[in-house]
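Contents: one structure, followed by commentary.
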Amino acid sequence: MNAFRLAGDITHLISILVLLLKIYATKSCSGISLKTQELYAVVFLARYLDLFTDFISVYNSVMKVVFILSSVAIVWCMRRHRAVKRSYDKELDTFRHYYLVGACFVFALLVHEKFTFQEVFWAFSIYLEAVAIIPQLVLLQRSGNVDNLTGQYVFFLGAYRALYILNWIYRYFTEAKFSRWIACISGLVQTALYADFFYYYFLSWKNNAKLNLPA
Amino acid sequence: KEQPHAHDEL
């Protein structure tokens, strides 16, 4: 494992911790899209079907369990916890995410590495992860101003994607047989979705101002 | 030699 990938995994973990911290400390999930969180839970459940069939490393297995449990816990909190549920911006979070699930699944049936149960679900999870942030970005755009922790949450998620691209470039040059075009192309699409957010994030950071997304 | 696992990333 190279430093870029480790840093990518760590920033991914930090983004989840920031989100949990926000929900726990403020007992509020305002500014957070339940739809994006549901999509992430589906992403991890579909991708880590290999948890019991393929052992890669202790690190790998532990991270998989952490990602599954934390994503399910966040969805549970936003749906069931009384105070948290009340703060949910339901009327702003109207993106039809079921279409994304359907489209990604059909796409996975068409484009995959092997036509097996696990491989189709793996490809599905890669495609779905690429677009899962869309409901969150739409919600932020609609609400206009973004609170600190929510901004940091999205920032760390974006950083994780950017670091994974550096990891692939590194692996491409250092590994003999490195071909994973499904993950790489989806990863590029996913990172591109953050470009707009990053632009305004750095602008607010440079001007030391609150993060505002123009409508 | 064993092939490296295709899905070794998270």
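General remarks:
- Count of residues meeting criterion [part of a helix (DSSP H, G or I) and either more than 22 Å from A:ILE68 (Cβ to Cβ) or small (Gly, Ala, Ser) (or both)] in the range A:135-166: 18
- Top-ranked residue in the range A:32-66 [being acidic (Asp, Glu) and part of a helix (DSSP H, G or I); ranked as farthest from the other protein chains (Cβ to nearest Cβ)]: A:GLU38
- Among the residues of the range A:126-144, some residue qualifies, meaning at least one is touching a residue at least 12 places away in the same chain (Cβ under 8 Å), within 12 Å of another protein chain (Cβ to nearest Cβ) and out of contact with any Asp or Glu (no Cβ under 7 Å at 6 or more places or on another chain).
- Answer residue from the range A:169-215, given it is of a type in the set (Lys, Arg) and closer than 26 Å to A:TYR127 by Cα and is surrounded by the fewest Cβ atoms within 10 Å (Cβ to Cβ) among those: A:LYS177
- Every residue from the range A:143-168 that is more than 19 Å from the chain's Cα centre (by Cα) and either of a type in the set (S, T, N, Q) or modelled with pLDDT of 95 or more (or both): A:SER143, A:ASN145
- Selection from the range A:171-215 of residues that are more than 14 Å from chain B (Cβ to nearest Cβ) and farther than 29 Å from A:VAL146 by Cα: A:PHE173, A:ILE185
- Verdict on A:LEU20 being more than 14 Å from chain B (Cβ to nearest Cβ), surrounded by 20 or more Cβ atoms within 10 Å (Cβ to Cβ) and touching a residue at least 40 places away in the same chain (Cβ under 8 Å): no
- Within the range A:118-142, tally of residues that are more than 13 Å from the chain's Cα centre (by Cα) and either surrounded by 22 or more Cβ atoms within 10 Å (Cβ to Cβ) or not charged (D, E, K, R) (or both): 10
- Only listed residue being among the hydroxyl-bearing types (Ser, Thr, Tyr) and over 20 Å from the mean Cα position of the chain (by Cα), chosen from A:SER71, A:SER30, A:SER87: A:SER87
- Yes/no for A:GLN118 being over 18 Å from B:ASP8 (Cα atoms) and within 14 Å of another protein chain (Cβ to nearest Cβ): no
- For the range A:67-92, the set of residues classified as assigned to a helix (DSSP H, G or I), touching a residue at least 40 places away in the same chain (Cβ under 8 Å) and surrounded by 16 or more Cβ atoms within 10 Å (Cβ to Cβ) consists of A:PHE67, A:SER70, A:SER71, A:ILE74, A:VAL75, A:CYS77, A:MET78, A:VAL84, listed by residue number.
The values are calculated or read from the model by the stated rules, or taken from the named source; none is laboratory data. Just so we're clear, the structure is a prediction, and the values are computed from it rather than from any experiment. Note that we place each Cβ from the backbone using ideal geometry, even for glycine, and neighbour counts take in every protein chain shown.
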